[in-house]
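The values are calculated or read from the model by the stated rules, or taken from the named source; none is laboratory data. Since the structure is predicted, the reported quantities are computational estimates derived from the model, not experimental observations. Here the Cβ is made from the backbone with ideal geometry for all residues, glycine too, and neighbour counts use every protein chain on show. Areas reflect the complete protein model, heavy atoms only, side chains present, ligands, DNA and RNA absent. Shrake-Rupley method; radii C 1.70, N 1.55, O 1.52, S 1.80 Å.
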Amino acid sequence: EKPKAGQQLAELVYEFVEGQARETIHHDYEKYLSWGTMVLIFVLLNNCMGLLPGIDTPTASPVVPLGLAILTFFYYNVYGLWKQGPVNYFKHFLGPVPWLAWFMFPLEIVSHLARMVSLTVRLYANMFASDLLTLVFFSFVPVGLPVIFLGLHFFVALIQCYVFMLLTFIYVSQAVAHEDDMLD
């Protein structure tokens, strides 16, 4: 009846992720809420670690975003295979018209692999730049002005975790969509 602050925060996060999943994936979005929530919280916590003195932002190293991008790549491909079956999922890579399949298949493979690179570079570069900017201003003016850049770092951390989660949902929606889903 009287939820505490922790429960209210958890419900707020859940409702936010659920709303994003519902808008992006549409039906059967409930299956993917746990992954999307994990991505959002993991990236946010890792991004915000850089706000603590003496702790580097884990996502400002390319290894952490790459690891999460690889897991996300496998996640949406496995669910796409599972939901559509191997034959229909393979057809997804051949494009809309059969006579272009020879061109579309390699293009789609490269496109899917580029998603991992895109997720990695986007998160890594933004968090690295945010860390570097904060460090530079702390070295010039140790008091006052850097607080503004800590706020900017937090804002960048929020945006980056949202973008990573949203792109994850977009990739899942594309992987699990059937042709009749496209007509809705």
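Of note:
- Any hit, region 80-94, residues being assigned to a loop (DSSP other than H, G, I, E, B) and touching a Gly at 6+ places or on another chain (Cβ under 9 Å): no
- Of the residues screened, residue 130 is one that is in contact with a helix residue (DSSP H, G or I) (Cβ under 8 Å, 6 or more places away or on another chain) and within 27 Å of residue 36 (Cα to Cα).
- Filter pass, residue 73 being under 27 Å from residue 129 (Cβ atoms), assigned to a helix (DSSP H, G or I) and open to solvent by 70 Å² or more (accessible area, probe 1.4 Å): no
- Scan of region 125-135 for residues that are over 10 Å from residue 59 (Cα atoms) and open to solvent by 70 Å² or more (accessible area, probe 1.4 Å), ordered by number: 132, 135
- Looking across region 66-80, just one residue is over 15 Å from the mean Cα position of the chain (by Cα) and without any contact (Cβ under 8 Å) to a residue 24 or more places away in the chain, and that is 78.
- Of all residues making up region 98-108, the number that are under 24 Å from the mean Cα position of the chain (by Cα) and modelled with pLDDT under 90: 0
- Hits in region 7-23 (condition: within 30 Å of residue 61 (Cα to Cα) and either among the aromatic types (Phe, Trp, Tyr) or more than 13 Å from the chain's Cα centre (by Cα) (or both)): 9, 10, 12, 13, 14, 16, 18
- Which numbered condition residue 54 fails, given (1) closer than 23 Å to residue 177 by Cβ; (2) not in a helix (DSSP H, G or I): (1)
- Once region 49-63 is narrowed to residues that are β-branched (Val, Ile, Thr) and more than 26 Å from residue 21 (Cα to Cα), the residue that is surrounded by the most Cβ atoms within 10 Å (Cβ to Cβ) is 57.
- Among the residues listed as 66, 33, 12, the single one being surrounded by fewer than 20 Cβ atoms within 10 Å (Cβ to Cβ) and within 19 Å of residue 129 (Cα to Cα): 66
- Test: residue in region 109-124 that is open to solvent by less than 80 Å² (accessible area, probe 1.4 Å), modelled with pLDDT of 90 or more, touching a Lys or Arg at 6+ places or on another chain (Cβ under 9 Å) and not in a loop (DSSP other than H, G, I, E, B): no
- Pair list, Cβ < 7 Å and 6+ apart or interchain, from region 37-58 residues that are closer than 13 Å to residue 150 by Cα and in contact (Cβ under 8 Å) with a residue 40 or more places away in the chain to residues that are open to solvent by 30 Å² or more (accessible area, probe 1.4 Å) and of a type in the set (Phe, Trp, Tyr): 48/154; 51/154
- Which listed residue, of 145, 167, is modelled with pLDDT under 85 and hydrophobic (A, V, I, L, M, F, W, C): 145
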